[in-house]
Amino acid sequence: MLIHLAIAWMLGIVGAHLAPLPHVSVGVAGAGLALAAAARRAPGPRLAGLLLLCAALGALRYGASLPTLGPASVAALAGAGELTLVGSVASEPRRSEDGQRVVLRVEAAQPGGTVRPTEGLALIVVPPYPSYRYGDRLAVVGALERPREAERPGDFDYRAYLAHRGIFVIMREPERVARLEGQAGLAPLATLLRFREHCRAVLLRSLPEPQAALAVGVLLGIQSSIPEEVYRTFSSTGTSHILVVSGWNFTIVAGVLGALAGRLHLGRWHTFALALGVMWVYALFTGASAAVLRAAAMASLAALARAAERGSEPWRLLLGACWLITLADPHTLWDPGFQLSALATASLFAFAGPLERWLGQRRPFCWPAMAPVTEALTATLAAQVLTLPLILYQFGNLSLVAPLANVLLVPVVPYSMLFGTVALLGGLIWLPLGQWLAVGAWLPLTWLAEGARLLAAPRWAAVQVPIFPLWMLLAFYATVALAWWARRSGGSPGVACGGAQTD
């Protein structure tokens, strides 16, 4: 029931985006249909009514999230020529070798010499230095423009991408940027992000490159330190997910907290409170991207299920996490990172078991010594079922070495995290101690860097596929969903490694 309601909620959000209607009438109509159906005793109409109600509520939530672009909006100043914007940095800037992308929460604008109150977000593209931080108050002089649209169907639509983040104007290479006195934003979050930057500096001083940049990406979720050439090798080998904070990180954090709570003999609800606090602080610490929030929400629901001594059915956790995130921000559904993260998790739930049984029936994967390889290959192939079509649709990049690369590299990631964390903690206490402890992290990080480089070396390691329309992508997912549902309903016998049929 909960799974169906969460799906109806998200379909309502998508429907409101594709076919905007007066949201009040949608809500009233959905509520009326739900109440009318619920009045009947038959379970079918009652379920249909609840689904309609959830879809209507999702549409209403999406409508409430849309900004009002009135005369006071900064979006109205696009094309107005040179002007001055005054505001504060709304989130931690995205840094790269070429520059910084700063989201400015505008407070006032000065077009034509007249200062007037202004609201909304603007994306400011500035050089790498000086660096800016969350909460800095800035005065920026330049011209605003609309983000570019997709040139043809199927291309990346940068304007739509930014619109889902509430950004409708961009200022490239402003003539002048001045830092003003005072700070804005949440002081605890600013402190946490400053500590994150300090941890990044400690890792960069404790390890050589590119091992230091990989450690920063795996532990802190900061990819700006990773050289473009190194990132390209991971992308070509289909292992770029290694470089971001994911559900795996939260699984390890939850496991460590569970062991610590057992040592301290904490009660179930005290353990839950500890896990909840630490995981969400870690989510904010690593940047709170949509994929990270999905992982944190799932881990939190699993911790709640353990505390309440209830079963944590994986599909309920996944859909419950998606519902919580889209309740907070419906536009998360259009975040590529969130889409890939949710699809990878769903793909593992749906296909890891059948693939593991299929591999377990064949030599050499059924041999006990091959268990680690079989586990890594199973996870890789299962995750690819639902994520690969989306990757091909969005990026057109097909990695032919991805299965081998994941088998060789992914099992090393926990050791990189473990020894990298030890080095970071030592460096926070005393930098020379962290540099000495970083020797243990150097080997697994080098395995990752050199392994990705060698596997990406052949020209055929990754190929570009032709652009295909959206309806083909949706048709694929519909076909896979129907086939999975039919197989799940029917079931099938297994075969042992020697070839004998099993029940």
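A short reminder: the numbers here are calculations on the coordinates, not readings from a lab. The shown structure was predicted, so the numbers you read here are calculated from the model rather than taken from an experiment. Counting neighbours? That spans all protein chains shown, and the Cβs are built from the backbone with ideal geometry, glycine included.
As a calculated quantity, the FRET efficiency between GLU228 and LEU473 at R0 = 30 Å, using C-beta atoms, amounts to about 0.60.
From least to most packed, judged by other beta carbons within 10 angstrom and beginning with the fewest, TYR62, TYR158, TYR231, TYR129 follow the order TYR129, TYR158, TYR231, TYR62.
Residues of segment 445-459 with backbone nitrogen within less than 14 Å of a virtual label 7 Å along the Cα-to-Cβ line of TYR415, please, listed as ranges. Under 14 Å, as judged by backbone N against the label point of TYR415, lie 445-451 of segment 445-459. Under the shape rule built on the C-alpha gyration tensor, where the axes satisfy a ≥ b ≥ c, segment 355-428 is oblate, since a/c reaches at least 1.5 while a/b does not exceed b/c. Spin-label model, TRP358/ARG165: points 7 Å from Cα along the beta carbon direction are separated by 3.7 nm.
A simple spin-label model places the labels of ILE429 and ARG46 6.0 nm from each other, with each point 7 Å out along Cα-to-Cβ. Between the labelled values (i) 25.4; (ii) 31.9; (iii) 23.5, the entry that holds Kirkwood radius over Cα pairs in Å as derived from this structure is (i). In this label model, GLU175 and GLU107 are separated by 2.3 nm, measuring between points 7 Å along each Cα→Cβ vector. Fully extending the segment from VAL463 to LEU264, taken as 0.36 nm per residue of separation minus the present Cα-Cα distance, adds 66.4 nm. Taken about its Cα centre, segment 74-185 carries a charge dipole of about 180 debye when Lys and Arg each add +1 at the Cβ and Asp and Glu each add -1 at the Cβ.
Available extension along the chain between ARG116 and GLN394 is 96.0 nm, counting 0.36 nm per residue and deducting the alpha carbon span. Taking amide hydrogens as placed 1.01 Å from N in the peptide plane, the amide H of ALA462 sits under 5 Å from those of LEU400, each at least 5 positions away in sequence or on another chain.
Note on LEU204, LEU53: ascending count of other Cβ atoms within 10 Å places them as LEU204, LEU53, the fewest first.
Taking other Cβ atoms within 10 Å as a rough exposure proxy, SER206, SER73 sort from fewest to most as SER73, SER206. Length available on full extension from SER131 to ALA150: 0.36 nm per residue minus the Cα-Cα distance, which gives 3.8 nm.
What you get for the chain, charging only the Cβ of Lys and Arg (+1) and of Asp and Glu (-1), is a dipole of about 1040 debye around the Cα centre.
The H on the amide N of ALA108, modeled in the peptide plane, is under 5 Å from the matching H of VAL86, THR118, each at least 5 residues off or on a different chain. FRET efficiency for the LEU192 to VAL14 pair, using the beta carbon distance and R₀ = 41 Å, is estimated at 0.75.
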